[in-house]
Amino acid sequence: MKKCDNPQHHHAKSSQLCHEHTLTKIEMICAKRNIRLTAQRKAVIQLMLKADRAMSAYDLLDQLREIEPQAKPPTIYRALDFLIEQAFIHKVESLNSYIICPNFDDLSHISILFICNQCQTIHEQHSAIIEQELQAMAKQDQFTIQHSVLEIQGTCQHCR
């Protein structure tokens, strides 16, 4: 992969941030938060970045076993739980899969995932207006939002 000097650079064929910068940024965030990015967690992130698409836990496990033959389902689920908790990835409930979050430096953001029903590509967006509205609704119910991912299903421009 060609070295990229801009952490916000998007490659033409990918909606994911430059893999090298993404991994470096995740490592820096882990150091700042004083949490361990174990070899297995790092390997899962690298597999997800390489795939550049949503992946199921078992797809990730199969690929992880190529480098760690002893890996078992609890191994992958522990790594995924950690990565979700740290907001590095999202679980796409409707597809029972996982994707890298391009806005992982913000633990409290609300993500809006646009999921194409035909090709299953996922594009993440953020809206301050929607986030403010959800926070106001939560406050009204004396509810604290800890994690929020909205999934919107439809058809992408390419499949239309």
For segment 106-126, name all the residues that are among the hydroxyl-bearing types (Ser, Thr, Tyr) and surrounded by 13 or more Cβ atoms within 10 Å (Cβ to Cβ).
-> Ser111, Thr121
Failed criterion for Asp62 (all others in (1) more than 27 Å from Gln125 (Cα to Cα); (2) buried (at least 18 other Cβ atoms within 10 Å of the Cβ); (3) at pLDDT 95 or above hold) = (2)
Any idea which of Phe114, Phe104 is outside any helix (DSSP H, G or I) and modelled with pLDDT under 90?
-> Phe104
Checked against (1) of a type outside the set (Gly, Ala, Ser); (2) out of contact with any Asp or Glu (no Cβ under 9 Å at 6 or more places or on another chain); (3) under 20 Å from Gln146 (Cα atoms); (4) surrounded by fewer than 17 Cβ atoms within 10 Å (Cβ to Cβ), Asn103 satisfies every condition except (2)
Looking at segment 134-160, which of its residues are of a type outside the set (Ser, Thr, Tyr), at pLDDT 90 or above, assigned to a loop (DSSP other than H, G, I, E, B) and surrounded by 10 or more Cβ atoms within 10 Å (Cβ to Cβ)?
-> Phe143, Cys156, Cys159
Selection within segment 112-134 - of a type in the set (S, T, N, Q) and over 18 Å from Met55 (Cα atoms) | Gln125, Ser127, Gln132
Return yes when Leu37 is buried (at least 18 other Cβ atoms within 10 Å of the Cβ) and without any contact (Cβ under 8 Å) to a residue 24 or more places away in the chain and no when it is not.
-> yes
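The values are calculated or read from the model by the stated rules, or taken from the named source; none is laboratory data. If you're wondering where the values come from, they're calculated on a predicted model, not measured in any experiment. Counting neighbours? That spans all protein chains shown, and the Cβs are built from the backbone with ideal geometry, glycine included.
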